[in-house]
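What follows draws every value from the coordinates through simple rules; no lab data is involved. Since this is a predicted model, take the numbers as computed values, not measurements. FYI the Cβ positions are ideal-geometry reconstructions off the backbone, even for glycines, and counts take in every protein chain you see.
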Amino acid sequence: MTTSPYLLPDPCENADLHDLRSSGAAQRALDFYLKENMSTPTPDGTFFAIKPGISQEEALVHASDLLRSAAATAYESASSHQGNQRDLAFSVVYLIDMAKAMVERSLQAPDAQASA
């Protein structure tokens, strides 16, 4: 009598597995472990890319928003500390506020800057 010791299970038709196969993360993982000559992206030292064609004003508005968020985070951190840690966190808030003021100044109309 001959029996096969390795019976393969029937493939399941689970929608989650099908979605996983088509995900970008799964494809990158398979590429990393299975492809021999995988092309590696050239590192340019940046964590994110700025949208091409963004105007200086749009960039400054976004920088101002980021600084406002950073100030809120630092302020919240300062309020939960005591002593030197609190002083350091508030000094970060102050530095962020100064940078934000400079960004907002650069957003003002050129005529308003000349008369100030």
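Placing unit charges on each Cβ (+1 for Lys and Arg, -1 for Asp and Glu) gives the stretch 56-109 a dipole about its Cα centre, and among Val103, Ala59, Ser79 the Cα reaching farthest toward its positive end belongs to Ser79. For Phe47, Phe90, Phe32, the sequence from fewest to most other C-beta atoms within 10 Å is Phe47, Phe32, Phe90.
Computed from the C-beta positions of Ser91 and Asp65, the FRET efficiency with R₀ = 30 Å rounds to 0.85.
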